[in-house]
Amino acid sequence: MKQVLVTGGSGSLGQALTRKLLALKKGPERIVCYSRGEHAQEAMERTFGNGRMRYFVGDIRDQRRLELALRGIDTVFHTAALKVVP
């Protein structure tokens with residue numbers, strides 16, 4: 001698991017997963033947060049402040065944009081949802 005994409009990455013579940021991935025001793029080299037929430041991604045960048053993180057604004061319904069985000073990705077965690085996950 002070298003390159004990871006987290007769809008819905010700026011949501012509650014996506015952020016919780018990202019924290020877990022960053023805490024792993026042998027965690028991913030790069031984690032791409034893919035979500036529609038540009039402001040949420042900016043807040044994440046300030047909170048996480050980790051050089052392994054990348055942020056990609058896009059919607060999972062936009063196939064071309066998603067294909068761009070998937071370049072070089074080994075593992076995908078699909079956490080995109082239209083609800084809050086506690």
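The values are calculated or read from the model by the stated rules, or taken from the named source; none is laboratory data. Since the model is a prediction, treat every value here as computed from it, not as a measurement. For neighbour counting, all protein chains shown are included, and Cβ atoms are generated from backbone atoms with ideal geometry for every residue, glycine included.
Side notes on the structure shown:
- Scanning the stretch 25-51 for residues that are modelled with pLDDT under 95 and part of a loop (DSSP other than H, G, I, E, B) returns 25, 26, 27, 36, 37, 49, 50, 51.
- Test: residue in the stretch 69-76 that is buried (at least 19 other Cβ atoms within 10 Å of the Cβ) and part of a loop (DSSP other than H, G, I, E, B): no
- Residue in the stretch 58-65 that is among the hydrophobic types (A, V, I, L, M, F, W, C) and without any contact (Cβ under 8 Å) to a residue 40 or more places away in the chain present: no
- Every residue from the stretch 11-24 that is part of a loop (DSSP other than H, G, I, E, B) and touching a residue at least 40 places away in the same chain (Cβ under 8 Å): 11
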